[in-house]
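Input: a single structure, listed below in structure tokens.
The values are calculated or read from the model by the stated rules, or taken from the named source; none is laboratory data. Since the structure is predicted, the reported quantities are computational estimates derived from the model, not experimental observations. With ideal geometry, Cβ positions are generated from the backbone for all residues, glycine too; neighbour counts draw on all protein chains shown.
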Protein chains: 2
Amino acid sequence: MSAHPTSDKQRVATLPIRQASAEDAVVIAGLLHEFNGEFDVASPGVPALTSRLESLLAERSTICYLSRCALGVALVTRRPNVWSEGPVDLLDELYVVPQYRGLGIGGALITRLVADARDAGVSVIEINVDEADVDAQRFYERHGFTGRHGPSSERAFYFSQEL
Amino acid sequence: MSAHPTSDKQRVATLPIRQASAEDAVVIAGLLHEFNGEFDVASPGVPALTSRLESLLAERSTICYLSRCALGVALVTRRPNVWSEGPVDLLDELYVVPQYRGLGIGGALITRLVADARDAGVSVIEINVDEADVDAQRFYERHGFTGRHGPSSERAFYFSQEL
């Protein structure tokens with residue numbers, strides 16, 4: 001609609017990000033469900049996700065951010081850690097609705113959650129990124145993350161076991 | 001001392017594993033400090049680790065296992081998760097004192113923590129393993145873990161940012 005896509009981009013990028021509350025559970029559930037659909041991963045469905053989010057968002061260990069109009073969501077879980085004074089945050093999900101990508105919403109979500117984590121005394125923020133998803137790896141590197149760890153600058157693989 | 005190293009190996013492998021309590025904090029701190037020393041990673045030191053472990057082990061989100069005589073330790077943190085009914089466990093550290101490796105202590109620790117996690121309704125157990133540490137990757141694969149995820153059987157890299 002606009003003759004100035006760059007200005008649009010700048011406008012969207014500065015949209016405010018807010019921390020979600022339990023009342024946002026159904027909106028977040030819808031976004032996470034869409035997310036799984038896009039990547040062909042089974043989803044427990046919006047009603048189940050809503051009910052879980054209602055409980056999780058009432059606790060301090062799950063923190064969620066929404067961009068205005070819920071065009072993007074970031075979901076973080078916080079846990080204690082023996083190696084540092086402060087806790088560790090894991091960015092479980094970062095999702096932007098497909099047609100609004102490239103407008104800076106993901107970056108605004110990351111910037112906000114990193115700033116809040118720093119204020120809360122968090123020591124480390126972690127993310128697991130698919131090996132083939134080089135764009136996401138670059139995105140996280142631009143936002144201060146690294147996939148190289150320790151004295152030998154090694155990569156680490158994420159291993160898991162479903163019970 | 002024994003003429004039958006295989007029997008020794010079997011004996012050690014069946015040594016009981018117990019869940020640690022806050023009273024074990026100093027012993028666990030010593031093991032974790034040794035661990036970091038072995039891999040040239042800075043450690044906050046035994047007194048600081050002891051004090052953190054005393055608080056962490058008093059909470060339900062940090063779970064620690066010790067083999068008899070503290071020859072090995074496994075440290076797990078538990079957090080909620082939106083994708084599954086049950087929580088997610090992360091195996092933060094698994095360490096066996098060098099001279100007692102190859103005796104099955106690590107395997108006994110893993111077997112016990114997986115069994116307890118299943119009983120506690122945990123949905124997923126996670127571990128981050130260095131890319132070059134192929135032995136550790138094989139060890140975890142033997143114990144039911146996989147580094148390949150989702151419909152495309154992809155690997156995922158662990159990214160982090162220190163604050």
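Summary of computed values
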quantity	calculated
Odd one out for B:Ser84 among (1) under 18 Å from the mean Cα position of the chain (by Cα); (2) under 23 Å from A:Leu56 (Cβ atoms)	(1)
Residue pairs meeting the criteria (Cβ under 9 Å; at least 6 apart or on separate chains; first at the interface with chain A (Cβ under 8 Å from one of its Cβ atoms), in the range B:26-45; second assigned to a helix (DSSP H, G or I) and among the basic types (Lys, Arg))	B:Pro44/B:Arg52
Selection from the range B:132-146 of residues that are in contact (Cβ under 8 Å) with a residue 12 or more places away in the chain and within 7 Å of chain A (Cβ to nearest Cβ)	B:Tyr140, B:Gly144, B:Phe145
Qualifying positions in the range B:56-83 - within 8 Å of chain A (Cβ to nearest Cβ) and over 16 Å from B:Ile17 (Cα atoms)	B:Leu56, B:Glu59, B:Ser61, B:Thr62, B:Thr77, B:Arg78, B:Arg79, B:Pro80, B:Asn81, B:Val82, B:Trp83
Residue in the range B:96-112 that is charged (D, E, K, R) and within 11 Å of B:Tyr65 (Cα to Cα) present	yes
Filter result for B:Val122 (more than 30 Å from A:Arg138 (Cβ to Cβ) and either of a type in the set (Asp, Glu) or at the interface with chain A (Cβ under 7 Å from one of its Cβ atoms) (or both))	yes
Test: residue in the range A:98-118 that is within 9 Å of chain B (Cβ to nearest Cβ), in contact with a helix residue (DSSP H, G or I) (Cβ under 7 Å, 6 or more places away or on another chain) and of a type in the set (A, V, I, L, M)	no
Selection within the range B:22-50 - modelled with pLDDT under 95 and polar (S, T, N, Q)	B:Asn36, B:Ser43
